[in-house]
Amino acid sequence: MEEKKGEVVLFRTWASPVCTRVEIALKLKGISYEYAEEDLTNKSELFLSLNPVHKKVPVLVHNGKSIAESLVILEYIEECWNTTPKLLPEDPYQRAKLRFWANYYDQKVIRVLHATWS
Ligand SMILES: N[C@@H](CCC(=O)N[C@@H](CS)C(=O)NCC(=O)O)C(=O)O
(Lines give C-alpha, C1' and ligand atoms only; values in the text may rest on other atoms or scores of the structure.)
Protein backbone atom coordinates (compact mmCIF):
# COMPACT_ATOMS: atom_id res chain seq x y z
CA MET A 1 0.00 0.00 0.00
CA GLU A 2 1.24 3.47 -0.92
CA GLU A 3 1.58 6.14 1.69
CA LYS A 4 1.51 9.89 1.09
CA LYS A 5 4.17 11.80 3.01
CA GLY A 6 2.96 13.95 5.81
CA GLU A 7 2.19 13.89 9.44
CA VAL A 8 -1.20 12.48 10.39
CA VAL A 9 -2.63 12.68 13.89
CA LEU A 10 -6.03 11.30 14.87
CA PHE A 11 -7.70 12.81 17.93
CA ARG A 12 -10.11 10.21 19.14
CA THR A 13 -11.52 8.42 22.12
CA TRP A 14 -11.43 4.64 22.38
CA ALA A 15 -15.16 4.06 22.84
CA SER A 16 -16.36 6.06 19.86
CA PRO A 17 -17.69 4.20 16.80
CA VAL A 18 -17.28 7.30 14.61
CA CYS A 19 -13.58 7.41 15.60
CA THR A 20 -13.25 3.71 14.87
CA ARG A 21 -14.64 4.25 11.37
CA VAL A 22 -11.81 6.73 10.68
CA GLU A 23 -9.17 4.40 12.14
CA ILE A 24 -10.40 1.55 9.94
CA ALA A 25 -10.04 3.80 6.87
CA LEU A 26 -6.50 4.85 7.86
CA LYS A 27 -5.52 1.23 8.40
CA LEU A 28 -7.13 0.04 5.14
CA LYS A 29 -5.16 2.68 3.23
CA GLY A 30 -1.94 1.84 5.09
CA ILE A 31 -1.53 5.38 6.39
CA SER A 32 0.77 5.82 9.39
CA TYR A 33 -0.75 8.02 12.05
CA GLU A 34 -0.31 9.14 15.60
CA TYR A 35 -3.06 8.45 18.04
CA ALA A 36 -4.10 11.22 20.43
CA GLU A 37 -6.58 10.01 23.05
CA GLU A 38 -8.85 12.87 24.11
CA ASP A 39 -10.55 12.93 27.51
CA LEU A 40 -14.05 14.10 26.61
CA THR A 41 -14.72 15.04 30.25
CA ASN A 42 -11.72 17.39 30.22
CA LYS A 43 -11.03 18.46 26.64
CA SER A 44 -7.57 19.87 25.98
CA GLU A 45 -7.05 23.41 24.70
CA LEU A 46 -5.27 21.97 21.68
CA PHE A 47 -8.23 19.76 20.85
CA LEU A 48 -10.74 22.61 21.30
CA SER A 49 -8.67 24.77 18.98
CA LEU A 50 -8.78 22.03 16.33
CA ASN A 51 -12.57 21.60 16.38
CA PRO A 52 -13.94 24.86 17.78
CA VAL A 53 -17.37 24.45 16.16
CA HIS A 54 -18.53 21.04 17.44
CA LYS A 55 -15.74 20.25 19.97
CA LYS A 56 -16.16 16.54 19.18
CA VAL A 57 -13.92 13.65 18.18
CA PRO A 58 -12.79 12.48 15.70
CA VAL A 59 -10.48 15.18 14.41
CA LEU A 60 -7.83 14.37 11.83
CA VAL A 61 -4.80 16.63 11.60
CA HIS A 62 -2.81 16.32 8.38
CA ASN A 63 0.31 18.45 8.06
CA GLY A 64 -1.04 20.81 10.71
CA LYS A 65 -4.49 21.24 9.11
CA SER A 66 -7.49 19.91 11.02
CA ILE A 67 -10.57 18.19 9.62
CA ALA A 68 -13.63 17.35 11.72
CA GLU A 69 -16.71 15.14 11.21
CA SER A 70 -16.04 11.46 10.54
CA LEU A 71 -17.72 11.25 7.12
CA VAL A 72 -15.93 14.42 5.97
CA ILE A 73 -12.67 12.90 7.20
CA LEU A 74 -13.36 9.69 5.27
CA GLU A 75 -13.91 11.69 2.07
CA TYR A 76 -10.69 13.62 2.71
CA ILE A 77 -8.74 10.40 3.23
CA GLU A 78 -10.19 8.96 0.01
CA GLU A 79 -9.32 12.07 -2.00
CA CYS A 80 -5.88 12.61 -0.48
CA TRP A 81 -4.68 9.00 -0.55
CA ASN A 82 -6.40 8.00 -3.79
CA THR A 83 -4.74 4.60 -3.81
CA THR A 84 -6.33 1.19 -3.50
CA PRO A 85 -8.19 -0.06 -1.66
CA LYS A 86 -10.90 2.48 -2.40
CA LEU A 87 -13.26 3.31 0.42
CA LEU A 88 -16.14 4.02 -1.95
CA PRO A 89 -17.38 1.90 -4.87
CA GLU A 90 -16.86 3.20 -8.44
CA ASP A 91 -20.53 2.99 -9.39
CA PRO A 92 -22.42 6.23 -8.53
CA TYR A 93 -25.56 4.33 -7.52
CA GLN A 94 -23.59 2.11 -5.15
CA ARG A 95 -21.91 5.21 -3.73
CA ALA A 96 -25.31 6.82 -3.15
CA LYS A 97 -26.54 3.69 -1.36
CA LEU A 98 -23.46 3.59 0.82
CA ARG A 99 -23.90 7.28 1.75
CA PHE A 100 -27.56 6.62 2.54
CA TRP A 101 -26.70 3.82 4.99
CA ALA A 102 -23.82 5.79 6.55
CA ASN A 103 -26.28 8.63 7.16
CA TYR A 104 -28.88 6.20 8.49
CA TYR A 105 -26.32 4.75 10.90
CA ASP A 106 -25.45 8.24 12.18
CA GLN A 107 -29.07 9.32 12.51
CA LYS A 108 -30.44 6.15 14.11
CA VAL A 109 -27.73 3.99 15.67
CA ILE A 110 -25.30 6.67 16.91
CA ARG A 111 -28.12 8.77 18.34
CA VAL A 112 -29.42 5.81 20.33
CA LEU A 113 -25.91 5.04 21.61
CA HIS A 114 -25.42 8.65 22.73
CA ALA A 115 -28.81 8.68 24.44
CA THR A 116 -27.88 5.44 26.27
CA TRP A 117 -24.50 6.81 27.42
CA SER A 118 -25.80 10.15 28.69
N1 LIG B 1 -21.24 13.58 13.49
C2 LIG B 1 -20.01 13.49 14.24
C3 LIG B 1 -20.29 12.92 15.60
C4 LIG B 1 -19.10 13.10 16.52
C5 LIG B 1 -19.46 12.75 17.95
O6 LIG B 1 -20.62 12.73 18.33
N7 LIG B 1 -18.43 12.46 18.75
C8 LIG B 1 -18.64 12.19 20.16
C9 LIG B 1 -17.98 10.88 20.55
S10 LIG B 1 -18.78 9.49 19.73
C11 LIG B 1 -18.03 13.30 21.01
O12 LIG B 1 -16.97 13.81 20.71
N13 LIG B 1 -18.71 13.66 22.08
C14 LIG B 1 -18.19 14.67 23.01
C15 LIG B 1 -19.16 15.77 23.26
O16 LIG B 1 -20.28 15.76 22.70
O17 LIG B 1 -18.82 16.68 24.03
C18 LIG B 1 -19.00 12.65 13.46
O19 LIG B 1 -19.44 11.76 12.70
O20 LIG B 1 -17.79 12.89 13.58
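The values are calculated or read from the model by the stated rules, or taken from the named source; none is laboratory data. Everything quoted here is computed from the prediction, not taken from an experiment. Note that each Cβ is placed from the backbone with ideal geometry, even for glycine, and that neighbours are counted across all protein chains shown.
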Which residues, counting only those in segment 72-84, are among the β-branched types (Val, Ile, Thr) and within 10 Å of the ligand (Cβ to nearest atom)?
VAL72, ILE73
Inspect segment 85-105 for any residue being in a helix (DSSP H, G or I), buried (at least 16 other Cβ atoms within 10 Å of the Cβ) and either of a type outside the set (D, E, K, R) or within 16 Å of the ligand (Cβ to nearest atom) (or both) and give the result as yes or no.
no
What are the residues in segment 32-48 that are within 12 Å of the ligand (Cβ to nearest atom), more than 12 Å from ARG12 (Cβ to Cβ) and surrounded by 10 or more Cβ atoms within 10 Å (Cβ to Cβ), if any?
LYS43, LEU48
Residues satisfying the stated conditions in segment 56-86, i.e. touching an Asp or Glu at 6+ places or on another chain (Cβ under 6 Å) and modelled with pLDDT under 95:
THR83
Under 7 Å by Cβ, and 6 or more places apart or on different chains, what pairs join a residue from segment 25-42 that is assigned by TED's automatic domain parsing to the domain that holds LYS56 with one that is of a type in the set (Phe, Trp, Tyr) and outside any loop (DSSP other than H, G, I, E, B)?
ALA36/PHE11; GLU38/PHE11; GLU38/PHE47
Taking the conditions exactly as written (of a type in the set (S, T, N, Q), touching a Ser or Thr at 6+ places or on another chain (Cβ under 7 Å) and within 16 Å of the ligand (Cβ to nearest atom)), does ASN51 satisfy them or not?
yes
Confirm whether LEU60 is in the same structural domain as GLY6 (by TED's automatic domain parsing) and surrounded by fewer than 16 Cβ atoms within 10 Å (Cβ to Cβ).
no
Scan segment 79-108 for residues that are touching a residue at least 40 places away in the same chain (Cβ under 8 Å) and either farther than 26 Å from VAL8 by Cα or of a type outside the set (Val, Ile, Thr) (or both) and report the count.
5
Among the residues of segment 54-71, the number that are more than 8 Å from the ligand (Cβ to nearest atom) and within 19 Å of ASN103 (Cα to Cα) is 2
